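All remarks here apply to the structure that follows.
The values are calculated or read from the model by the stated rules, or taken from the named source; none is laboratory data. No experiment lies behind these values; they were computed from the predicted model shown. Here Cβ is always computed from backbone atoms with ideal geometry, including for glycine, and neighbour counts include all displayed protein chains. Side chains are part of the model used for accessible areas, which takes the heavy atoms of the whole protein and leaves out ligands, DNA and RNA. Shrake-Rupley method; radii C 1.70, N 1.55, O 1.52, S 1.80 Å.
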Amino acid sequence: MARPAPRPNFLSLAPYAHADLTAPPGVRRIQLAQNELALPASPAAIEAATRALADANLYAENGELRLMDAVAASERLEPSQIWCTAGSMEAIRLVTAAYLGPGDEAVTSAYGYLFFATAVQMAGAALVRVPECGLRPDIDAMLAAVTPATRIVYLVNPGNPTAAMVPASEVERLRRELRDDILLLIDAAYADFVTAHGYESGAALARAGTATLVLRTFSKAHGLAGLRIGWAVGPADVVDVLSRTNAQFTMAAPSIAAAIASLADRGHLAACLEATIAARSWTIDALTRIGFAPLPSETNFVLLPFERDGEPAPDDAAGAYAHLKREGIIVRPMRAYALDHCLRITIGTRSDMEAVVASLAGWRRAAN
């Protein structure tokens with residue numbers, strides 16, 4: 001019997017693989033695999049979301065407009081430069097669908113977000129991945145990969161899973177040397193955690209009217225990952241195009257209410273960032289003291305490579321992962337990024353990170 005036939009490019013999509021977040025029975029789980037904020041969201045945000053639930057029978061009337069106004073006021077932007085979505089993954093999918101089709105190409109770095117590939121494949125286009133230099137996007141190589149078919153260049157800054165930062169001067173050069181008809185999409189999900197000098201999310205390029213769209217999220221620093229909400233800044237003409245892709249009422253009323261309240265609670269955001277950044281610094285220093293070589297991080301996670309005699313040691317990474325898991329500590333293997341010798345560890349509370357370091361120290365003693 002004949003069945004409806006999907007487009008061939010959908011048949012080649014790999015089914016989504018959920019992360020293994022289970023811990024052994026009877027062991028306290030420390031979940032450090034998803035790059036979530038370890039601290040609770042703003043109490044004001046929780047209260048606002050709870051109040052909004054009382055009207056769950058109603059659509060969020062003008063919710064997107066209210067959120068746009070709140071983001072614009074908080075970021076000193078014009079509402080016409082703001083595009084709100086139900087999280088960054090939805091934004092990536094909609095942007096890609098709006099600007100790519102069969103015969104088009106997009107360019108990203110080797111360790112760019114994996115969902116870029118999914119979105120490009122759904123659009124029937126081709127994604128060109130460019131090797132990185134020292135686990136950092138190589139701007140010259142990305143520019144060299146551009147062809148007449150290129151329509152989008154994707155950049156994650158700071159990177160995931162590398163946690164590396166591309167300086168503003170290099171991002172500006174990338175934009176300057178790209179054709180004007182190429183959209184530069186910057187995923188700046190971790191921008192709030194950057195402490196290094198020379199960083200800019202890319203919003204300045206968008207404000208200046210270049211074809212640059214910068215994605216931001218409430219999932220990380222604001223601690224609202226479960227509510228799936230985010231925003232982007234871009235030139236008015238790009239935002240106008242993208243606003244046509246949004247179905248009505250895709251953002252839930254509690255999510256909108258929580259996001260608006262969280263933007264207003266600057267004290268809570270500052271406290272969460274301070275605690276996370278302090279725990280990040282402590283973790284990197286502590287891991288280094290016991291003989292590991294964690295990579296520098298400008299995010300809320302650390303990428304930890306395992307090597308023996310200067311060579312990648314994927315078996316050690318797998319052994320350390322299993323050891324941590326037996327003790328209830330869940331981190332993320334990086335096989336999907338072809339970084340089999342690395343583990344990505346989200347920054348949790350100070351006590352969480354002390355448990356990580358103690359566990360890895362125990363594994364190292366047993367392994368050696």
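Specify the inter-centroid distance of region 67-84 and region 192-207, based on alpha-carbon positions, in whole Å.
17
Suppose every Lys and Arg Cβ carries +1 and every Asp and Glu Cβ carries -1, with no other charges. What dipole size does region 7-65 come out with about its Cα centre, to the nearest 20 debye?
Value, rounded to 20: 320 debye.
Extension gain ARG76-GLU274, at 0.36 nm per residue separation less the Cα-Cα distance, in nm?
Computed gain between ARG76 and GLU274 is 69.0 nm.
Packing-wise, with mean Cβ within 10 Å as the measure, how do 342-349, 136-143 rank, highest first?
Ranking the peptides 342-349, 136-143 by packing returns 342-349, 136-143.
Evaluate the relative contact order of region 30-176 (contact order divided by residue number), counting alpha-carbon pairs under 8 angstrom at least 6 apart; express in whole percent.
18
Filter the DSSP H helices in the chain by two things, a Kyte-Doolittle mean of at least -0.5 and an axial alpha-carbon span of 24 angstrom or more, and list the hits by number.
TM-like helix candidates: 266-289, 350-367.
Label points 7 Å out from Cα along the Cβ direction at LEU11 and ARG29: separation in nm?
3.7
Quick check of the Kirkwood formula: for the chain, what is the inverse mean of 1/r over all pairs of different Cα atoms, in Å?
For the chain, the Kirkwood estimate is 21.7 Å.
What FRET efficiency do you get for SER281 and LEU53 if R0 is 45 Å and r is their Cβ-Cβ distance, rounded to the nearest 0.05?
It comes to 0.75.
Test of understanding: what is the full-extension gain from ALA322 to ASP20, defined as 0.36 nm times their sequence separation minus their Cα-Cα distance?
107.5 nm
Using a 10 Å cut-off on Cβ atoms, rank the peptides 282-289, 122-129 from the highest mean neighbour count down.
Descending packing order for the listed peptides: 122-129, 282-289.
Taking the alpha carbon gyration tensor of region 7-155, what are the square roots of 5 times its eigenvalues, largest first, to the nearest whole Å?
33, 25, 18
Please report the spacing between the Cα centers of region 229-252 and region 1-22 in Å, no decimals.
Spelled out, the Cα-based centre of one part sits 27 Å from the other.
Report the full-extension gain for the segment ASN368 to ARG266: residue separation times 0.36 nm, less the Cα-Cα distance, to one decimal in nm.
Gain on stretching ASN368 to ARG266: 32.0 nm.
Below 8 Å between Cα atoms, with a sequence gap of 6+, how large is the relative contact order for the chain in percent?
It comes to 23 percent, rounded to a whole number.
Helix-only mean residue ellipticity at 222 nm, the chain, DSSP H runs n ≥ 4 weighted -39,500 (n - 2.57), per residue, nearest 500. What is it?
Rounded to the nearest 500, the figure is -12000 deg cm²/dmol.
Tell me, what is the per residue accessible area of region 1-151 in Å², probe radius 1.4 Å?
Here the per-residue accessible area is 56 Å².
Sorting CYS133, CYS272 by accessible area (1.4 Å probe), largest first, what list results?
CYS133, CYS272
Percent relative contact order of region 106-258, based on C-alpha pairs within less than 8 angstrom and at least six residues apart?
So the answer I get is 17 percent.
Heavy atoms only, probe 1.4 Å: what % of the accessible area of the chain goes to carbon and sulfur, would you let me know?
The C+S portion of the solvent-accessible surface of the chain is 55 percent.
Mind listing P(r) for region 17-67? All alpha-carbon pairs, 10 Å bins, whole percents.
Pairs per bin, as whole percents: 17, 29, 26, 24, 4.
With r as the distance between the Cβ atoms of ARG289 and ARG173 and R0 = 51 Å, compute the FRET efficiency 1/(1 + (r/R0)^6) and round to 0.05.
E between ARG173 and ARG289, to the nearest 0.05, is 0.85.
Would you tell me the accessible area of VAL238, worked out with a 1.4 angstrom probe on the heavy atoms of the protein chains, in Å² to the nearest 10?
Using a 1.4 Å probe on the heavy atoms, I get roughly 10 Å².
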